[in-house]
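Undergrad: Here it is, the structure, as structure tokens.
The values are calculated or read from the model by the stated rules, or taken from the named source; none is laboratory data. These numbers come from a predicted model, not from an experiment. Glycine gets a Cβ as well: all are built from the backbone with ideal geometry, and neighbour counts include every protein chain shown. Heads up: the accessible areas ignore ligands, DNA and RNA and are worked out on the full protein's heavy atoms, side chains in. Shrake-Rupley method; radii C 1.70, N 1.55, O 1.52, S 1.80 Å.
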Amino acid sequence: MEFNKIKSFLGLCLLIVLLAACNGKKAASLSDFSNQLYTPEYASGFSIKGADGYESSIITVTNPWQGADSITTQLFIARGGESAPEGFTGQVLEGDASRIVAMSSTHIAMLDAVGEAGRVVGVSGIDYISNPVISVNRDSIGDVGYEGNINYELLISLDPDLVLLYGVNGASSMEGKLNELGIPFMYVGDYLEESPLGKAEWMVALSEVVGKRNAGEQVFAGIPVRYNDLKKRVADTMLDAPAVMLNTPYGDSWFMPSTESYVARLVKDAGGDYIYKKNTGNASLPIDLEEAYKLTSEADMWLNVGMANSLDELRTSCPKFSDTRCFRNGSVWNNNLKTNVAGGNDYYESAVVNPDILLRDLVKIFHPELVEEDFVYYKQLK
């Protein structure tokens, strides 16, 4: 009788051991997640790491908003029944994200680049989104509103696996409520990258979230090749670089980007000469309208002129500037060729993952003899 009890007890122990072996691995330590699964070449804001023998990964996002200093946020993507490492304090996503709420349209463009925009179940400002997948399925996609006025009841009903956030001058105000609701989130810092290729490289981070990193790497790999080939062609054949003025007034000020900014780098790579050299910092600086008028008068071309669709509209908003040389010559171009009926501009959406096409548009403006393709994002104002 006693022998049978011992036999049964040993059998139970063996069953427990076997079940444990089937249902999961020993939890890795945080230090085990040191293998670089993907090291960005152009982006500075994220990394993807894994551990030997584990399917899970950790996405680390560094300084995800303006002014952030030595701030990191992490997302653990738990795969294969694996648990987050002991001591891990970041967000935990159970398996690849199938249902995503994207708070920026650029997040949608990145998912679309790898064929996964269909995973988006919620957005912010659906009327202003240009993506065709969202447009076709808008009746089944929730518009959760804007930060500061989020419809959390709707957000909960969407049952998201993950919310993609962005910070402006600090952490998103959604953080606390999402933690309370137990909904994981990840910051996406593409807008902070000044490198056009660095912005686009964030598609790899988002492809990891949906378990498609290899596809994301393959899609991204072709972009720097096309971008740098065109940049080299411009450098090898360029004659004169036209002086380029940017933007329109905002109130009583005219904000001019840094010479190291995203748009200034594109202008330079396309063979243009950004006219404002004083700002070498890491943020746009305001100048008064008198200085802006002087710069515009000296420019050969004027780009990114707000909401204007015609020279008449630009004259109405900036009457004094209609006597500048670039205005009189019709050398005014705007980045709103692809605008939807609500005014949503695809330049601020899909252009982020198409820097090579954006560069091509600018080359066509500055050096039209080098490009045969039609414009995608820019148009000349008439």
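Undergrad: Using only helices, what value at 222 nm comes out for the chain when you add -39,500 (n - 2.57) per DSSP H run of length 4 or more and divide by the total residues, to the nearest 500 deg cm²/dmol? It would help to have the intermediate numbers written out before the result.
TA: Values: 12 runs with 129 residues, N = 382.
Counting only the DSSP helices, I get -10000 deg cm²/dmol.
Undergrad: Could you state how much accessible area MET245 has, in square angstrom rounded to the nearest 10, with a 1.4 Å probe and all protein chains kept in place?
TA: 0
Undergrad: Would you calculate the convex hull of the Cα atoms in the stretch 252-336 and tell me its volume per residue in Å³?
TA: On the way: hull volume 8.3 nm³, N = 85.
Measuring per residue, one finds 97 Å³ for the Cα hull of the stretch 252-336.
Undergrad: Where the only charges are on Cβ atoms (+1 Lys, Arg; -1 Asp, Glu), what is the dipole of the chain about its Cα centre, to the nearest 20 debye?
TA: Values: 31 positive and 50 negative charges, 73 e Å.
The dipole magnitude comes to about 360 debye.
Undergrad: Simple spin-label model, 7 Å along Cα-to-Cβ: LEU181 to ARG79 in nm?
TA: Placing both labels 7 Å along Cα→Cβ, they lie 2.7 nm apart.
Undergrad: Same structure, new question: Excluding ligands and nucleic acids, what accessible area in Å² is computed for PHE255 using a 1.4 Å probe, to the nearest 10?
TA: Probe radius 1.4 Å; accessible area of PHE255 about 80 Å².
Undergrad: Is the shape of the chain best called rounded, prolate or oblate, per the rule: a/c under 1.5 gives rounded, else a/b larger than b/c gives prolate, else oblate, with a ≥ b ≥ c the square roots of the Cα gyration tensor eigenvalues?
TA: On the way: a/c = 2.66, a/b = 2.24, b/c = 1.19.
In terms of gyration-tensor shape, prolate.
Undergrad: A follow-up question, please. Shape of the stretch 325-378 from its Cα gyration tensor (a ≥ b ≥ c, root eigenvalues): rounded if a/c is under 1.5, otherwise prolate when a/b > b/c, or oblate?
TA: On the way: a/c = 2.53, a/b = 1.24, b/c = 2.03.
Oblate shape, in that a/c is at least 1.5 and b/c is the bigger or equal ratio.
Undergrad: Taking K and R as +1 and D and E as -1, what net charge do the other residues with C-beta under 15 Å from the C-beta of PRO368 add up to? Numbers along the way, then the final one.
TA: On the way: positive: ARG233, ARG360, LYS364, LYS379; negative: ASP240, ASP300, ASP361, GLU369, GLU372, GLU373, ASP374.
Residues near PRO368 contribute -3 overall.
Undergrad: So how do 193-206, 286-299, 260-273 stack up, highest first, on mean other-Cβ count within 10 Å? Don't skip to the end; give the middle numbers.
TA: Working: 193-206: 24.4, 286-299: 16.5, 260-273: 20.9.
Ranked from most to least packed, the peptides come out as 193-206, 260-273, 286-299.
Undergrad: How much length, in nm to one decimal, is gained on full extension between TYR250 and ASP139, taken as 0.36 nm per residue of separation minus their Cα-Cα distance? Please report the intermediate quantities before stating the final value.
TA: Working: separation 111, 0.36 × 111 = 39.96 nm, distance 3.56 nm.
Extending this stretch completely gives an extra 36.4 nm.
Undergrad: Moving on. Using a basic spin-label model with each label point 7 Å from the Cα along Cα→Cβ, how many nm lie between VAL92 and VAL341?
TA: In this crude label model, VAL92 to VAL341 measures out at 4.6 nm.
Undergrad: According to the square roots a ≥ b ≥ c of the eigenvalues of the Cα gyration tensor, what is the shape class of the stretch 87-126, taking rounded for a/c under 1.5, prolate for a/b larger than b/c otherwise, and oblate for the remainder? Before the final figure, lay out each step's value.
TA: Working: a/c = 2.26, a/b = 1.73, b/c = 1.31.
Note, shape of the stretch 87-126 comes out prolate.
Undergrad: Run the 1.4 Å probe and let me know the accessible area of VAL136, rounded to the nearest 10 Å².
TA: Answer for VAL136: close to 120 Å² accessible.
Undergrad: Need one number: nm distance between label points at SER44 and ASN329, each 7 Å from Cα along Cα→Cβ, rounded to one decimal.
TA: 3.5
Undergrad: Could you go through the stretch 79-85 in sequence order and give the Karplus-derived ³J(HN,Hα) for each residue, using 6.51 cos²θ - 1.76 cosθ + 1.60 with θ = phi - 60°, rounded to whole Hz, and x for Gly and Pro?
TA: Each residue's phi maps through the Karplus curve to give 10, x, x, 7, 9, 5, x Hz.
Undergrad: Now a separate question. Eigenvalues of the Cα gyration tensor times 5, then square-rooted: what semi-axes does that give for the stretch 87-174, in whole angstrom, largest first? Can you show the working numbers first?
TA: Details: eigenvalues 80, 52, 35 Å².
Semi-axes from the Cα gyration tensor: 20, 16, 13 Å.
Undergrad: From the residues LEU295, PRO64, LEU337, which one has its Cα farthest along the dipole of the chain in the positive direction, the dipole being from +1 and -1 charges on Cβ of Lys/Arg and Asp/Glu about the Cα centre?
TA: PRO64
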